[in-house]
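The values are calculated or read from the model by the stated rules, or taken from the named source; none is laboratory data. Predicted model, so just to flag it, every value in this text is computed and none were measured. Neighbour counts are summed over all protein chains in view; Cβ atoms, including those assigned to glycine, are modelled from backbone coordinates with ideal geometry. Surface areas here come from the heavy atoms of the whole protein model, side chains and all, with no ligands, DNA or RNA. Shrake-Rupley method; radii C 1.70, N 1.55, O 1.52, S 1.80 Å.
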Amino acid sequence: MERTNIVHVPKKAIQDVQETARHIKEQYGAGKKYFVESYGCQMNDHDSERLRGMLDIMGYTPSENKFEADFIIFNTCCVREHAEKRVFGNIGALKKIKDERPNLIIGVCGCMMQQKAVSDRLFKRFPFVDLVFGTNELHEFPQMFEKVLSGVRVKKVQESDGEIPEGLPATRINTLSTSLVVMYGCNNFCSYCIVPYVRGRERSRNISDIIDEAMHLADKGYKEITLLGQNVNSFKSDDGHDFADVLHAMNDIEGIRRIRFMTSHPKDLSDKLIDAMAGLEKVCNHIHLPVQSGSDRVLKLMNRKYDSAHYMHLIDELRKNVEGIEITTDIIVGFPTETEEDFEATLDIVRQAEFSAAFTFKYSPRTGTAAARMDEQVPEIVKKERLHRLNSCCTEIITTNNQKHIGTIGEVFVEGVDMRDKPMAFGKLSNFKMVYFPGDKDLIGQFLNVKITKTKHNSLFGELL
Ligand code: SAH
Ligand code: SF4
Ligand code: F3S
C-alpha cells in the first residue's frame with residue numbers, strides 16, 4: 001500500500017483551538033466540571049488526554065464522579081463487539097441524569113463514531129446526546145463544543161485519512177510514565193480488523209516534533225515514555241527516518257530513563273530495529289509482537305503477511321540479540337474457517353515462543369471487514385471453548401517461565417503501592433514484568449534494585465536490596 005502525503009493541520013488552526021477554548025472559559029467555563037471516559041487502546045487514552053488538555057484551557061475542571069459533571073464525553077472503541085455494547089449501554093443510562101439536569105452536555109467521540117452508519121444511528125436513537133464526532137475531528141473539539149454551548153446539537157464525522165495536529169494541548173493522567181504518539185493509522189488491513197477504517201492511513205510525525213515533545217515531557221519530570229502507533233515499527237517520516245532512528249534520538253534525551261514502544265508488526269521488525277533494541281541502554285528489553293495465530297493457513301486469510309516460521313525466526317533473533325528480552329503478544333481464536341488443527345498450531349506457537357503475557361480474544365466480526373464476509377464463521381461455543389483452552393495453555397507457560405526469574409536481581413520503576421494486605425510497592429522491570437515487594441509510598445517514582453524471591457500468577461515478588 002502506498003503512503004499518502006502527510007498533511008499537518010495548519011498552525012493557525014491549532015491557534016484557533018486555543019483561542020476558542022479561552023473564549024469558552026470567559027463565557028461559560030467558571031465552576032464547570034468534566035468527565036472523560038476512554039473505552040479503547042492507549043491511542044484512545046491519549047486522545048482523551050488531548051480532550052482534557054483542551055477542556056482545561058476552557059476553564060473546566062476534572063470530576064471524579066460522572067454524576068457531578070456538567071460535561072460527560074465517551075471516547076469510544078469498536079475493535080470488538082464487546083467494546084461497542086458497553087458504550088451503548090452506558091449512553092442509555094445517561095438519559096435519566098439528563099432528564100434531571102437538562103443543562104448536562106453529553107458527547108460521544110472516537111473510533112466507533114468514525115463509522116458513519118453507527119454514529120448516524122446513535123445520534124437518532126439518543127436525542128439527548130449533544131455532540132458526536134469521529135477520530136478526524138479531535139482538533140475541532142472547542143469549535144464544536146462552543147456551538148453545543150449555544151444550544152445546537154452537533155455531529156461531525158469526516159471521511160478523511162486524517163491529518164497530524166501538532167501542538168494540541170494535553171493533560172496527561174500519569175505523572176511518571178506517559179505515552180507519546182509517533183505515528184497514526186494503519187495500512188495493513190488485516191482481514192478481521194476495523195482499525196484501518198476508523199483511523200485512516202499510516203502517517204508519521206517528523207522526528208524533530210517527536211523529540212521536542214519528548215524533551216518537554218522530560219522537563220516535566222517524566223522518566224518513562226511509551227512510543228505509540230498502530231504499527232509503531234512501520235514508522236517512516238517524510239525526511240526518510242525509520243523507527244530505529246526514533247529510538248536512537250530518544251535515547252539521547254536527558255532525564256528519560258526508559259523507552260518503550262507499541263504495537264510492533266512482525267512484518268516490519270527489521271534487523272536495524274533489533275540492533276537498536278540491543279544497543280540502546282534506555283530502550284527496554286520487551287516487545288509486544290502480536291502473533292494472532294499459529295496456523296499459516298489462518299495467518300494468510302488474516303492477511304498478516306508473515307508465516308509461523310518467520311515469526312519464530314524473529315523471536316529467535318530477538319532472544320539472541322537482546323539480553324533478557326521478554327515477548328508479549330495478542331492472539332485471536334475462532335477466526336472464520338479455523339479448524340481444530342489450526343487452533344492446535346496456535347497452542348504450539350504459544351509453547352514455542354514462550355510469551356511472558358498474552359492478550360487473547362475471541363474473533364468478533366466487524367461490519368465492513370473482509371473476514372466478516374467469510375462464509376464459515378466459527379460457532380460461539382467453539383470460540384469460547386478454544387479461548388478457555390488457550391488461556392489455560394498461556395497460564396501454564398507463563399507460570400513455568402516465571403520460575404527463571406527467581407533469584408535474579410532487577411531494577412524496578414516503582415509505580416504505586418498496594419495497601420490490601422500489608423503495604424506492597426509495585427512496578428515494572430525493564431522487561432515489562434510486574435514486581436511486588438514490601439515498601440511504602442515514599443518509594444514511588446524511584447528506580448530500585450529488587451531481588452526476586454517468588455512468583456504468583458503473572459507477577460513476581462521480591463525484596464528490596
Ligand atoms: N495495531 C495493533 C493493535 C490492533 S487492535 C496490532 O496490529 O497488533 C489489538 C488487538 O485486538 C489485535 O492485535 C487483535 O489481536 C485484536 N483484534 C483486532 N480485531 C479483532 C476482532 N475483529 N476480533 C477479535 N480480536 C480482534
Ligand atoms: Fe488492525 Fe492489523 Fe492494522 Fe493491527 S496491523 S491495527 S490488527 S489492521
Ligand atoms: Fe484503539 Fe479501539 Fe480505536 S483499539 S484504535 S480505540 S477501535
Condition met for residue 69 (within 16 Å of ligand 1 (Cβ to nearest atom), of a type outside the set (Asp, Glu) and open to solvent by less than 70 Å² (accessible area, probe 1.4 Å)): no
Which numbered condition residue 262 misses (of (1) more than 11 Å from ligand 1 (Cβ to nearest atom); (2) within 29 Å of residue 405 (Cβ to Cβ); (3) within 23 Å of the chain's Cα centre (by Cα)): (1)
Single residue of 396, 376 found to be farther than 24 Å from residue 299 by Cα and either at pLDDT below 95 or not assigned by TED's automatic domain parsing to the domain that holds residue 119 (or both): 396
Filter result (assigned to a loop (DSSP other than H, G, I, E, B) and either free of Cβ contacts under 8 Å to residues at least 40 places away in the same chain or among the acidic types (Asp, Glu) (or both)) within the range 356-381: 375, 376, 379
Counted residues, the range 166-187 - those being within 13 Å of ligand 3 (Cβ to nearest atom) and open to solvent by less than 10 Å² (accessible area, probe 1.4 Å): 3
Long-range neighbours under 8 Å by Cβ, at least six apart or interchain, first residue within 15 Å of residue 212 (Cα to Cα) within the range 247-262, second open to solvent by less than 30 Å² (accessible area, probe 1.4 Å) and part of a loop (DSSP other than H, G, I, E, B): 247/280; 248/280; 250/256; 251/280; 255/221; 255/222; 256/222
Candidates 451, 384 - the one that is farther than 22 Å from residue 327 by Cβ, modelled with pLDDT of 95 or more, open to solvent by 20 Å² or more (accessible area, probe 1.4 Å) and part of a helix (DSSP H, G or I): 384
Meets criteria (more than 16 Å from ligand 3 (Cβ to nearest atom), over 30 Å from residue 267 (Cα atoms) and open to solvent by 40 Å² or more (accessible area, probe 1.4 Å)) for residue 61: yes
Filter result for residue 246 (within 16 Å of ligand 3 (Cβ to nearest atom) and either open to solvent by 20 Å² or more (accessible area, probe 1.4 Å) or under 25 Å from residue 172 (Cβ atoms) (or both)): no
Options 211, 225, 256; residue that is within 22 Å of the chain's Cα centre (by Cα), in a loop (DSSP other than H, G, I, E, B) and at pLDDT 95 or above: 256
Test result for residue 118, buried (at least 18 other Cβ atoms within 10 Å of the Cβ), among the aliphatic types (A, V, I, L, M) and part of a strand (DSSP E or B): no
Only one of 389, 366, 420, 373 that is surrounded by fewer than 18 Cβ atoms within 10 Å (Cβ to Cβ) and within 16 Å of ligand 1 (Cβ to nearest atom): 373
Only one of 148, 132 that is part of a strand (DSSP E or B) and in contact with a Leu (Cβ under 9 Å, 6 or more places away or on another chain): 132
Residue count for the range 316-333, restricted to those that are open to solvent by less than 20 Å² (accessible area, probe 1.4 Å) and within 16 Å of ligand 2 (Cβ to nearest atom): 5
Evaluation of residue 102 against (1) outside any helix (DSSP H, G or I); (2) closer than 18 Å to residue 126 by Cα; (3) in contact with a helix residue (DSSP H, G or I) (Cβ under 8 Å, 6 or more places away or on another chain) (one fails), failing number: (3)
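Residues are listed down the side, and each one gets a yes or a no for (1) over 27 Å from residue 366 (Cβ atoms); (2) in contact with a Ser or Thr (Cβ under 8 Å, 6 or more places away or on another chain); (3) within 16 Å of ligand 1 (Cβ to nearest atom); (4) modelled with pLDDT under 95:
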position	(1), (2), (3), (4)
112	no, yes, yes, no
128	yes, no, no, no
134	no, yes, no, no
141	no, no, no, no
153	yes, no, no, no
159	no, no, no, yes
167	yes, no, no, yes
Some residue of the range 340-355 being within 26 Å of residue 313 (Cα to Cα), touching a residue at least 40 places away in the same chain (Cβ under 8 Å) and assigned to a loop (DSSP other than H, G, I, E, B): yes
Yes/no for residue 280 being touching a Leu at 6+ places or on another chain (Cβ under 8 Å), assigned by TED's automatic domain parsing to the domain that holds residue 225 and more than 21 Å from residue 194 (Cβ to Cβ): yes
Total residues in the range 285-315, condition in a loop (DSSP other than H, G, I, E, B), open to solvent by less than 20 Å² (accessible area, probe 1.4 Å) and away from ligand 2 (no atom under 13 Å from the Cβ): 2
Residue list for the range 188-206, restricted to those being part of a helix (DSSP H, G or I) and open to solvent by 30 Å² or more (accessible area, probe 1.4 Å): 197
Residue among 163, 159 that is touching a residue at least 12 places away in the same chain (Cβ under 8 Å), open to solvent by 50 Å² or more (accessible area, probe 1.4 Å), farther than 30 Å from residue 375 by Cβ and not hydroxyl-bearing (Ser, Thr, Tyr): 163
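Residues are listed down the side, and each one gets a yes or a no for (1) at pLDDT 90 or above; (2) more than 16 Å from ligand 2 (Cβ to nearest atom); (3) in a strand (DSSP E or B):
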| site | (1), (2), (3) |
| --- | --- |
| 3 | no, no, no |
| 16 | no, yes, no |
| 37 | yes, yes, yes |
| 43 | yes, no, no |
| 46 | yes, no, no |
| 50 | yes, yes, no |
| 54 | yes, yes, no |
| 67 | no, yes, no |
| 72 | yes, yes, yes |
